[in-house]
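Before any comments, here is the structure.
Every number here is computed from the coordinates shown, using simple stated rules; none is lab data. Model, not experiment: these values are computed from the prediction. Cβ coordinates were reconstructed from backbone atoms using ideal geometry, including for glycine residues, and neighbour counts include every protein chain displayed.
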Amino acid sequence: MTSPSHPVNFPASFDVLAQTYDQVFEDNPITARIRPIFWRSLLAHFKTGDHVLELNCGTGTDAIMLAENGVQVTAIDSSERMIAGAEEKAREKGVSQLIRFQQRSFEHLVTLGRMKFDGAFSNFGGLNCTSNIDPVLETLSGLLKPHASVVVCMINKFSLWEMVSFLLRGNLRSAFRRMRRQPTTVRLGSSTVEVCYYTPKEFIRILSPYFEIEHVYGLSILSPSPNSRSFVLRHSQLTARLLRLDETIRSRSPWHSLGDHFVIEARRKS
């Protein structure tokens, strides 16, 4: 493995974010609408009795959902406070026995040793937070059983909603911010992290040496992105209509490449 590409303060950035993460992100009305779409993908690939690996688990929302459906999860995150919050939530939900939370960077997967998982997943752009994605995916493939499923949700380099909303406000710099030279520095509170944005085509190319692509779809294409909370609160009926439109087009070309996020369902090559 290569050395970590994150800034020194990467775990600290998310430790600070952990204090308000559930209030700001988990309780976000947009997140609440699009997370179940990702859950459908997880439940289509992971069944009761499977043991799967989650990268960048945050406060454990996805791991807890899978555990409630009988799936065993090893969930890792680089933030100590994220892990602490996740463990507390799992205890409250009564599923601690099915989830093993570990403070571990996804860039250090090699330290998991000889474990073999039935699948793996990462939600809401966790894998965007490295400029050394190739060795991460290579190591991940070695931790999976042949033909094991992988489901990843990535932040898209081209977000139709974000670009149009900034252009309508005359903010050209922000409209094209994701297309600047990678990695891009993103501020999280008082700290910063480096983020690399990908189009679905670019990320499929990176995945292809290790995984066979089965399905690609977009999230928040015509409907608001998670950063547009105020729009949703002001225009709830319009948002509902836009979400229904997204449901009909999210898997179609070119729409699947225009979402604020995209999801790739893949399978480890034998």
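Observations
- Among (1) in contact with a Phe, Trp or Tyr (Cβ under 6 Å, 6 or more places away or on another chain); (2) part of a loop (DSSP other than H, G, I, E, B); (3) crowded, with 22+ Cβ neighbours inside 10 Å, the one test that VAL263 misses: (2)
- Options LEU245, LEU258: the member that is among the aliphatic types (A, V, I, L, M) and either free of Cβ contacts under 8 Å to residues at least 12 places away in the same chain or more than 20 Å from ILE155 (Cβ to Cβ) (or both): LEU245
- The set of residues from the stretch 96-124 being out of contact with any Gly (no Cβ under 9 Å at 6 or more places or on another chain), buried (at least 21 other Cβ atoms within 10 Å of the Cβ) and free of Cβ contacts under 8 Å to residues at least 60 places away in the same chain is empty.
- Taking the stretch 68-87 as the range and being within 18 Å of the chain's Cα centre (by Cα) and under 14 Å from PHE121 (Cα atoms) as the test, the residues that pass are VAL73, THR74, ALA75, ILE76, ASP77.
- Some residue of the stretch 191-201 being touching a Ser or Thr at 6+ places or on another chain (Cβ under 8 Å), in a strand (DSSP E or B), small (Gly, Ala, Ser) and on the phi < 0 side of the Ramachandran plot: yes
- Qualifying residue in the stretch 252-265 (condition: in contact with a strand residue (DSSP E or B) (Cβ under 8 Å, 6 or more places away or on another chain), within 16 Å of ASN28 (Cβ to Cβ) and not charged (D, E, K, R)): yes
- Counted as qualifying within the stretch 125-182 are the helices (runs of 4 or more DSSP H) with 2 or more residues that are touching a residue at least 12 places away in the same chain (Cβ under 8 Å) and under 22 Å from HIS256 (Cβ atoms), namely 133-142, 160-168.
- The sole residue among VAL110, VAL136, VAL150 that is among the β-branched types (Val, Ile, Thr) and in contact with an Asp or Glu (Cβ under 7 Å, 6 or more places away or on another chain) is VAL136.
- Leading residue by the ranking (surrounded by the most Cβ atoms within 10 Å (Cβ to Cβ)) among those in the stretch 230-252 that are of a type in the set (D, E, K, R) and part of a helix (DSSP H, G or I): ASP246
Residues are listed down the side, and each one gets a yes or a no for (1) within 21 Å of GLU138 (Cβ to Cβ); (2) in contact with a helix residue (DSSP H, G or I) (Cβ under 6 Å, 6 or more places away or on another chain); (3) of a type in the set (Lys, Arg):
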site	(1), (2), (3)
ASP27	no, no, no
ALA63	no, no, no
GLU68	no, no, no
THR74	yes, no, no
SER79	no, yes, no
GLU87	no, no, no
VAL95	no, yes, no
ARG100	no, no, yes
GLY113	yes, no, no
